[in-house]
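A.B. asks: Got a structure for you, questions after.
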């Protein structure tokens, strides 16, 4: 590659949220990369239990509990990002999907990893406590225009809270709400032409106003944490725009649990700002799938183990 081409490249690091976890994630990075190992060791130390063992060996039922899932995904994501940055590859900007936003904020220097890993554990607890088990849920709506999904939610609102929680990519949005309203909106979406509606394995109606108690607790906790201004620009899920400074971050993070995740809009903003290479860091490649549906020509790489790390380093150095 010509030096000028390399200099012109604009790179974003992106981070997935809950649902991307699997038993064994991060194990090879831990075994083969000193920088990654240090991140896992720090997480274990801060949390007072072996999160590393839970990531590497399970059991799955424990890893899937949101108070464990959230710090686990954060840790694997930051471990992968730091391993890549240790090779001299740095992002021009960063963003994360829901929980993934916390990894982006650690990366940009807004909050220390030590604070973030405890914060997201508590975020998981607050989200769990906000709504009683079984009161609501979430469902992915495939193959229907966003306006159709919005119409389905609007028509079901007389039965309870239901709204679009995640704008993932064209033809895929997630709705969230109380059971009766969610069922009615799902059925209406099918009538309006959705190809499929898939109930998600989540413990509550996240990213709706029902999460307001969690938002309040999160705001109280954030008040006691020292934040810094972003060193690397971070795009917010809530606004699909840059977080201006540390006070904006403190204001937006509590809102994030009860507001829609504007992922497609955030991704398009990064494209509009000249990003041509995205690196998804951490378990799985969910965001890579979304990216392909937003812009089929976009370059998306991912790092979750030593072989993918090596491949991405080679790509940037060639």
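A.B. asks: Which stretch or stretches of segment 202-224 have amide N atoms under 12 Å from the point lying 7 Å from residue 128's Cα along the Cα→Cβ direction?
C.D. replies: The answer is 203-204, whose backbone nitrogens lie closer than 12 Å to the label point.
A.B. asks: What is the angle, in °, between the Cα long axis of helix 212-222 and the longest principal axis of the Cα atoms in the chain? Nearest 10 is fine, range 0 to 90.
C.D. replies: Helix 212-222 sits roughly 30 degrees off the main axis of the chain.
A.B. asks: Place a label point 7 angstrom from the Cα of residue 157 along the Cα-to-Cβ direction, then list the residues of segment 258-278 whose backbone nitrogen is under 12 Å away.
C.D. replies: Zone members listed by number: none at all.
A.B. asks: What's the ranking of 100-109, 60-69 by average number of surrounding C-beta atoms within 10 Å, highest first?
C.D. replies: Taking the mean over residues of other Cβ atoms within 10 Å, the ranking is 100-109, 60-69.
A.B. asks: With just the Cα atoms defining each centre, how far is segment 1-79 from segment 87-158? Give it in Å.
C.D. replies: 17
A.B. asks: If you average 1/r over every pair of different alpha-carbon atoms in the chain and take one over that average, what Kirkwood value in Å do you get?
C.D. replies: Here the Kirkwood hydrodynamic radius works out to 19.8 Å.
A.B. asks: Compute the Rg/Rh shape ratio of segment 136-204: radius of gyration over Kirkwood radius, all on alpha-carbon atoms.
C.D. replies: 0.91
A.B. asks: Hey, rough spin-label estimate for residue 228 and residue 22, points 7 angstrom out along Cα→Cβ, what's it come to in nanometres?
C.D. replies: Taking the two extended label points, one gets 3.5 nm.
A.B. asks: May I pose another question? Taking 0.36 nm per intervening residue step and subtracting the Cα-Cα distance, what contour gain separates residue 317 from residue 272 on full extension?
C.D. replies: Contour length minus the Cα-Cα distance gives 13.7 nm.
A.B. asks: Now, a different point. Give, in nm to one decimal, the length gained when the segment between residue 180 and residue 114 is fully stretched (0.36 nm per residue of separation minus the Cα-Cα distance).
C.D. replies: The span from residue 180 to residue 114 would gain 19.7 nm if fully extended.
A.B. asks: Restricting everything to alpha-carbon atoms, can you work out Rg to Rh for segment 71-210 with a Kirkwood hydrodynamic radius?
C.D. replies: Ratio of gyration radius to Kirkwood radius: 1.07.
A.B. asks: Looking at the P(r) of segment 207-318, how many percent of alpha-carbon pairs lie beyond 17 Å?
C.D. replies: Tail fraction, whole percent: 65.
A.B. asks: With the Cα gyration tensor of segment 267-312 giving a ≥ b ≥ c as the square roots of its eigenvalues, does the rule (a/c under 1.5 for rounded; else a/b larger than b/c for prolate; else oblate) give rounded, prolate or oblate?
C.D. replies: It is prolate, given that a/c is not under 1.5 and a/b is the larger ratio.
A.B. asks: Expressed in nm to one decimal, what extension gain is obtained for the pair residue 92 and residue 295 from 0.36 nm per residue of sequence separation less their Cα-Cα distance?
C.D. replies: 71.1 nm
A.B. asks: With each run of n ≥ 4 DSSP H residues scored as -39500 (n - 2.57), what mean residue ellipticity at 222 nm is computed for the chain after dividing by its residue count and rounding to the nearest 500 deg cm²/dmol?
C.D. replies: So the calculated ellipticity at 222 nm is -15000 deg cm²/dmol.
Each reported figure results from applying straightforward, stated rules to the coordinates on display, with no laboratory input. Note that the structure is predicted; figures quoted are calculated from it, not measured. All Cβ positions, even for glycine, are placed from backbone atoms using ideal geometry, and neighbour counts span all protein chains on display.
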